[in-house]
Amino acid sequence: MGHANGGWSRRRFVGVLAGVASAAGCSSSPGSSSESAAQEASGSAPGSPSPGPSKAPSSPAPTGPRPLYLGTYTSVEGGGTGIGLATYDAESGRIKGTGTLTGVTNPSYLAVHPDGRTLYAVAEQDAGAVTAVRLSDRKVLGSRSTGGAGPCHLSVHPGGRWLLSANYGSGSVAVHPIDSSGALGERRETVTHSSPAPGPGQDGPHAHQFLTSPDGGHVLAVDLGTDTIYSYRLNERTGALTEVSRAHTRAGAGPRHLTFHPGGRYAYLANEVDNTVAVCAYDRKTGRLSVGAAQSTGTGSGTSYPAQLLVTANGSYAYLANRGHNSLTRYAVEADGARLRLLDTVPVAGDFPRQIAFSPDGTLLFAANQKSSTVSVFHVNRASGELRPTGEPFASPVAVCALPL
């Protein structure tokens with residue numbers, strides 16, 4: 001990856017700690033897989049339908065092997081050769097590798113279509129791209145340019161007709177149409193975050209996430225370089241974006257990932273650079289986000305980079321992955337989502353937890369550990385929110401994404 005400017009270099013530095021080119025992430029995306037897709041991908045018995053972003057329903061745990069897709073970098077030493085294919089046992093959490101889907105470059109972030117039939121991956125490289133994969137036969141349906149460098153996040157709009165992606169290197173977001181087969185059309189929209197000015201230590205904009213609000217009314221772009229979250233309206237007929245609001249963090253926070261509370265009125269922001277989190281109020285009518293005060297991650301004074309938050313489906317607990325401290329912070333969610341109260345941190349049993357995701361039924365939490373090339377799995381106690389390791393972590397080359405279906 002040829003970028004040598006300040007922000008891109010800093011991102012590379014965080015990754016180079018792991019011998020990797022950069023430090024984005026992957027998570028469960030809006031509208032996870034359907035029962036039929038899970039069956040197609042794994043041959044298993046049907047289980048519970050999947051939730052929306054970073055949430056987990058309260059239905060009984062499914063039985064039998066379930067599909068798990070693993071993101072990596074293919075262009076670095078020790079990296080993978082494509083998207084890792086695996087299954088996991090929904091009760092024990094045990095992972096079994098089943099192969100690799102080759103023909104995809106640097107698939108560092110993965111998302112699935114709401115109908116569960118198509119998987120999407122970024123190609124995190126200078127000439128950024130997004131790729132579609134049909135899950136029934138794992139056929140690559142083709143790739144499209146994102147119009148920018150280093151795409152590090154993507155998500156599918158809940159309507160299933162648009163793919164949203166964020167280009168970290170060029171600080172832009174892109175919109176691609178999705179046809180009835182799940183394949184991608186040519187890019188319809190690209191917006192570069194040309195203002196405000198970059199935050200302290202940043203060289204320019206660095207879009208890190210592009211997601212849809214739970215009500216579906218707005219799409220939001222989190223930009224680490226400008227310390228800003230941009231709210232847009234998406235024209236669901238043309239794919240055009242219209243900016244309607246901006247929310248600013250404190251200078252130098254470096255916002256990375258936003259996760260909504262299931263109630264839809266609040267969201268939680270992981271700030272990578274200053275090692276904090278913040279509760280944000282969300283106005284569904286206007287799309288306006290209001291960023292609250294910076295809060296502790298519970299990681300102490302050492303160097304740590306918050307990666308991502310998850311919220312349980314019942315809205316009672318939130319979890320934060322801490323790269324550096326190598327832990328998961330547990331928060332109690334209070335006041336109908338308006339407050340986070342820090343409870344504890346637990347070791348992640350791996351090095352540099354880049355991304356975390358719930359199983360569809362919410363009973364398991366997966367952590368992709370970039371530097372140790374492992375995936376850790378935890379049982380989630382529904383009542384207390386406590387995390388208990390399921391066993392030894394699963395070896396996976398430069399694991400930067402784990403997407404359980």
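The values are calculated or read from the model by the stated rules, or taken from the named source; none is laboratory data. A quick note: this is a predicted structure, and the numbers were derived from the prediction, not measured. No Cβ is skipped: glycine too gets one built from the backbone with ideal geometry, and neighbour counts run over all protein chains shown. When the accessible area is computed, the model is the full protein with side chains, heavy atoms only, and any ligands, DNA or RNA have been set aside. Shrake-Rupley method; radii C 1.70, N 1.55, O 1.52, S 1.80 Å.
Filter segment 126-142 for residues that are closer than 15 Å to Ser172 by Cα and either of a type in the set (A, V, I, L, M, F, W, C) or surrounded by fewer than 22 Cβ atoms within 10 Å (Cβ to Cβ) (or both) and give the result. Break it down into steps so the answer makes sense when it comes.
We begin by selecting, within segment 126-142, every residue closer than 15 Å to Ser172 by Cα; these are 126-130.
Asp126, Ala127, Ala129, Val130 - these are the residues of segment 126-142 that are closer than 15 Å to Ser172 by Cα and either of a type in the set (A, V, I, L, M, F, W, C) or surrounded by fewer than 22 Cβ atoms within 10 Å (Cβ to Cβ) (or both).
Select from segment 216-234 the residues that are among the charged types (D, E, K, R) and over 11 Å from Gly171 (Cα atoms) and write down the one among them that is surrounded by the fewest Cβ atoms within 10 Å (Cβ to Cβ).
Arg233
Going by what's in this entry, would Ala383 be described as in a loop (DSSP other than H, G, I, E, B), at pLDDT 95 or above and open to solvent by 10 Å² or more (accessible area, probe 1.4 Å)?
Working: in a loop (DSSP other than H, G, I, E, B): yes; at pLDDT 95 or above: yes; open to solvent by 10 Å² or more (accessible area, probe 1.4 Å): yes.
Against the criterion (in a loop (DSSP other than H, G, I, E, B), at pLDDT 95 or above and open to solvent by 10 Å² or more (accessible area, probe 1.4 Å)), Ala383 qualifies.
Going through segment 259-291 one residue at a time, which ones are assigned to a strand (DSSP E or B) and surrounded by fewer than 17 Cβ atoms within 10 Å (Cβ to Cβ)? Explain how you work it out, then say what you get.
Initially, segment 259-291 is screened for residues assigned to a strand (DSSP E or B), giving 259-260, 266-271, 276-282, 289-291.
Correct list: Ala281, Ser290.
Could you tell me whether Ser301 is small (Gly, Ala, Ser) and outside any loop (DSSP other than H, G, I, E, B)?
Details: small (Gly, Ala, Ser): yes; outside any loop (DSSP other than H, G, I, E, B): no.
Answer is no for this residue.
Here are some residues: Gln370, Gln355. Which one is in contact (Cβ under 8 Å) with a residue 12 or more places away in the chain, within 25 Å of Ala247 (Cα to Cα) and surrounded by 24 or more Cβ atoms within 10 Å (Cβ to Cβ)? Don't jump to the end; show me each part of the working.
Details: Gln370 fails: within 25 Å of Ala247 (Cα to Cα).
The match here is Gln355.
For segment 236-258, name all the residues that are open to solvent by less than 10 Å² (accessible area, probe 1.4 Å) and within 21 Å of the chain's Cα centre (by Cα).
Listed by number, the residues that qualify are Ala247, Ala253, Gly254, Pro255, Arg256, His257, Leu258.
Condition first: open to solvent by 20 Å² or more (accessible area, probe 1.4 Å), over 20 Å from Gly254 (Cα atoms) and not in a strand (DSSP E or B). Now tell me which residues in segment 186-215 satisfy that.
At the first step, the residues of segment 186-215 found to be open to solvent by 20 Å² or more (accessible area, probe 1.4 Å) are 186-192, 194-198, 200-203, 205, 214-215.
Cutting the leftovers down to over 20 Å from Gly254 (Cα atoms) gives us 186-190, 214-215.
Selection gives Glu186, Arg187, Arg188, Pro214, Asp215.
Give the residues of segment 311-326 that are in contact with a Pro (Cβ under 6 Å, 6 or more places away or on another chain) and either in a loop (DSSP other than H, G, I, E, B) or surrounded by fewer than 22 Cβ atoms within 10 Å (Cβ to Cβ) (or both), sorted by residue number.
Correct list: Ala313, Gly315.
What are the pairs with Cβ atoms under 9 angstrom where one residue, in segment 85-98, is farther than 19 Å from Leu110 by Cβ and the other, located anywhere, is among the charged types (D, E, K, R)? Sequence gap at least six, or different chains.
Asp89/Arg66; Asp89/Lys96; Ala90/Arg66; Ala90/Asp361
Got a number for residues in segment 73-104 being in contact with a strand residue (DSSP E or B) (Cβ under 8 Å, 6 or more places away or on another chain), under 16 Å from Ala368 (Cα atoms) and open to solvent by less than 20 Å² (accessible area, probe 1.4 Å)? Let's see the steps before the verdict.
Start the filter on segment 73-104 by keeping residues that are in contact with a strand residue (DSSP E or B) (Cβ under 8 Å, 6 or more places away or on another chain), which leaves 80-90, 93-101, 103-104.
The next check asks that each one be under 16 Å from Ala368 (Cα atoms); those that pass are 80, 82-88, 93-97.
Of the ones still in play, those that are also open to solvent by less than 20 Å² (accessible area, probe 1.4 Å) are 80, 82-86, 88, 93.
Counting residues in segment 73-104 that are in contact with a strand residue (DSSP E or B) (Cβ under 8 Å, 6 or more places away or on another chain), under 16 Å from Ala368 (Cα atoms) and open to solvent by less than 20 Å² (accessible area, probe 1.4 Å) gives 8.
Report yes if some residue within segment 46-60 is modelled with pLDDT of 95 or more, of a type in the set (S, T, N, Q) and part of a loop (DSSP other than H, G, I, E, B); otherwise report no.
Just the residues of segment 46-60 that are modelled with pLDDT of 95 or more, to begin with: none.
No, there is no match, as no residue in segment 46-60 is modelled with pLDDT of 95 or more, of a type in the set (S, T, N, Q) and part of a loop (DSSP other than H, G, I, E, B).
Which ones in segment 334-344 are open to solvent by 20 Å² or more (accessible area, probe 1.4 Å) and aliphatic (A, V, I, L, M)?
First, pick out the residues of segment 334-344 that are open to solvent by 20 Å² or more (accessible area, probe 1.4 Å): 334-336, 338-339, 341-344.
Within segment 334-344, Ala335, Ala338, Leu342, Leu343 qualify.
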